[in-house]
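Report on the following structure.
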Amino acid sequence: MAPGALAFCSRILRRQLVLALRRPVDIGNPLLFFAMVVALFPLGLGPAPAALAGFAPGILWIIALLANLLTADNLFRGDFEDGSLEQLLLSPQPLYLSVLAYTLAQWLVTGLLLALVSPLFAVMLGLSASAIPVLMFSLLLGSAVLSLVGGIGAALTVGLKRGGMLIALLILPFYMPVLIFGSAAVQAVAGGMDASAHLAILGAMLCFAIALAPLAIGAALRISIDA
Amino acid sequence: MWSFFHKLGSPPWLYRIAGSILSWLLPLTLVALAAGAVWGLLYTAPDFRQGNSYRIIYIHVPAAVVALAGYYVMAIAGGISLIWKMKMADVAMKSCAPVGAALTFIALVTGSIWGKPTWGTWWVWDARITSMLILLFLYLGVIALYEAYDNKDAAGKACAVLSLVGTVNIPIIYKSVDWWYSLHQPASIKFTGESSIDPSMLYPLLLMIGSFYALFTCALLMNMRLEILRREARTGWVRKLVGA
Amino acid sequence: MASLLEAVDLGLVRGGRDLFQQLSFEVGPGQLVQIEGVNGAGKTSLLRILAGLSRYGFSGRVIRHAPLMYLGHHSAVKGMLTPRENLAWHISGEGSYSPGEIDDALARVGLYGYEDVPSHALSAGQHRRVNLARLYLSRAPLWLLDEPFTAIDKGGVAELEALLVRHATAGNAVILTSHQSLSVSYPVAMLDLLTGLAA
């Protein structure tokens, strides 16, 4: 009588998305954060268009990374505090897939949206128009990796009262390869080169993260629920 | 064989055996360190390009090599404690982190000191130094996570998961940083790569690497003995040991 | 009579203290078991161990022969979802319930008319009731309930007791912790953490 694993995952996905959509402000916050930090760079570096355009790939990628980091902590916290997480861990469903559904839902309301609005900020920083499709695509792939890796940090710290800062310390080192290849892809295209190799590596990282991160998240959740 | 594993799980036995290993390993390590240092610093020829400043590699390279290996020791110990629920593996994992972090820090500081005469600046975003910096972050993350948990049982398990995640990620991070550096490498600084090392410099270096492994083992065992005492403070054998 | 849950040689050490040792028991169909013990004796911990949520400081074996339903201290009710949605999208992995079943269960716990109110507008007691509605829907033979009577009014307590008896009578089993003794005309087996299960 238990539902199939996929039906269960789509139930989780739907639940998470409805929960997110009932609080539209929480969805808007990372985007607003993105916009505000973009505005910080001309103020800090000076408004010279050439300099800003040169740094734009790195700036945009770093902000996307930070925006992702700020949302990572929320992934399991609500469910941990109200006891839903206990129910999830007791369910006979494969935790691997359930966790994947959680991160997918989170990516849909953060990474995907960030990637979709990124062209606006790219234009504001003077990134060349030819680089914008690659920026979006690299953010799509890369932010999915960030969500999965961030999930590990969230699962490890969900049982702690003061998780916010700690999660950044734990997962930022793991974000670095994504940052390196993500911003390099945009830089390559902005410099008139081909970025398919960079994107392929980001894709490989995503496959790797999909294969392994849910295992670590599941193990970490079982530890956190018992702390 | 099985009884050996069984004994490994017994704190008093491990405490005693670590003590008897230390009683001969520690003096040996100190002698080897002194010998390697004297050999490397006094009895090798100066490098034809870098003069005497290169000699810091006798500290820098061994510290960096052992710091990286230490992370794997930590992760393996963590994996053992997760899978076989072996308390003493958890002790080993917990004791590894500060030792590894200290070695990473030494590697960073010596690398930076070497950078001053070589590149004319204390810090260069060179691939190896950047990788060492990230390794330091990984170590500090494990320590911070352990300290954040009140329940030390859960702390050990959480750190084990984190260090296993780190093990999978370290090769990716190192390769990415290498690639990133080769992409941005300015042509003017190119000491690394295709420089073969003269055997007269290599042997003392190998001796130093060996001594650093031994030093790591000593520090790990000492730390483990301390941690065992701390955890077993209420048991009879510890009370007897300290004469309380 | 096949057992639904077996516990073999359970021991629990917390903060250097033995809470219980060598606790062995078996719970079979038709049994209504109440865990006894003073505050801090480890009742909740035992229940979490039986459910499989907790391992910390624990030794021994728990063998579960049937799917279980665990209701803990937290209500597992999402404030942003309505009671109806909370039940429909529960994540305990049981099958889907039909809308009719859900409305029926909500009516039984006295939440008729509240089905579509956002749960954050409900009181703490009503949250508990949403949680208890899961029991009316549950198809799991084994129920593990941690203080199910907390924040429930008198009428609710009587109904819940009747539900537990019905569940046990139907050949299932309930293990619960509670500060108050149950006023039911059904044999309640007492599980003492130190001496084990009394017949």
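The values are calculated or read from the model by the stated rules, or taken from the named source; none is laboratory data. Here the structure is a predicted model, which is why all the values come from computation and not from measurement. As a convention, Cβ positions derive from the backbone with ideal geometry for all residues, glycine included, and neighbour counts pool all protein chains shown.
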TODO: Would you point out which residue out of B:99, B:91 is in contact with a Leu (Cβ under 6 Å, 6 or more places away or on another chain) and farther than 29 Å from residue B:52 by Cβ?
DONE: B:99
Task: Qualifying residues in the range B:124-142 (those that are among the aromatic types (Phe, Trp, Tyr) and touching a helix residue (DSSP H, G or I) at 6+ places or on another chain (Cβ under 6 Å)) - the one nearest to residue B:70 (Cα to Cα) - done: B:139
TODO: Quick one: residue C:148 ticks every box in (1) in contact with a Phe, Trp or Tyr (Cβ under 6 Å, 6 or more places away or on another chain); (2) assigned to a loop (DSSP other than H, G, I, E, B) except a single one, so which number is it?
DONE: (1)
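Given the structure, is residue A:35 free of Cβ contacts under 8 Å to residues at least 60 places away in the same chain and closer than 23 Å to residue A:179 by Cβ?
Working: free of Cβ contacts under 8 Å to residues at least 60 places away in the same chain: no; closer than 23 Å to residue A:179 by Cβ: yes.
No; evaluated as a whole, the condition is false for this residue.
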Task: Checking residue B:157 against (1) basic (Lys, Arg); (2) buried (at least 20 other Cβ atoms within 10 Å of the Cβ); (3) more than 7 Å from every other protein chain (Cβ to nearest Cβ), the condition it does not meet - done: (3)
Open item on the list: Return the residues of the range A:174-200 that are of a type outside the set (A, V, I, L, M, F, W, C) and crowded, with 21+ Cβ neighbours inside 10 Å; say none if nothing qualifies.
Closed with: A:175, A:177, A:182, A:183, A:187, A:198
Open item on the list: Give me the helices (runs of 4 or more DSSP H) completely within the range B:1-97, filtered to those with at least 3 residues that are crowded, with 16+ Cβ neighbours inside 10 Å, ordered by residue number.
Closed with: B:11-42, B:57-84
Task: Residues within the range C:59-81 that are over 15 Å from residue A:91 (Cα atoms) and surrounded by fewer than 19 Cβ atoms within 10 Å (Cβ to Cβ), tallied - done: 9
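From the list C:60, C:93, C:113, which one is facing chain A (nearest Cβ under 9 Å) and outside any helix (DSSP H, G or I)? Write out each step before concluding.
Values: C:60 fails: facing chain A (nearest Cβ under 9 Å); C:113 fails: facing chain A (nearest Cβ under 9 Å).
That would be C:93, the only listed residue that is facing chain A (nearest Cβ under 9 Å) and outside any helix (DSSP H, G or I).
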Task: the range A:145-169 - residue that is under 24 Å from residue A:115 (Cα atoms) and in contact with a Gly (Cβ under 6 Å, 6 or more places away or on another chain) and, of those, farthest from the other protein chains (Cβ to nearest Cβ) - done: A:147
- [ ] Could you please tell me which pairs satisfy a Cβ distance under 7 Å, a separation of 6+ or placement on different chains, a first residue in the range B:197-220 that is small (Gly, Ala, Ser), and a second residue that is loosely packed, with under 14 Cβ neighbours inside 10 Å and part of a helix (DSSP H, G or I)?
- [x] B:214/B:28
Task: Every pair of residues 6+ apart whose Cβ atoms lie under 6 Å, when the first sits in the range C:116-144 and is of a type in the set (Asp, Glu) while the second is part of a loop (DSSP other than H, G, I, E, B) - done: C:116/C:82
- [ ] Examine the range A:199-217 for a residue that is modelled with pLDDT under 90 and not charged (D, E, K, R), and state whether such a residue exists.
- [x] no
Open item on the list: Take residue B:144 and tell me if it is surrounded by fewer than 20 Cβ atoms within 10 Å (Cβ to Cβ), in a helix (DSSP H, G or I) and within 8 Å of chain A (Cβ to nearest Cβ).
Closed with: yes
- [ ] Considering each residue of the range A:83-100, count those that are part of a helix (DSSP H, G or I) and either over 19 Å from the mean Cα position of the chain (by Cα) or closer than 21 Å to residue A:24 by Cβ (or both), and give that number.
- [x] 8
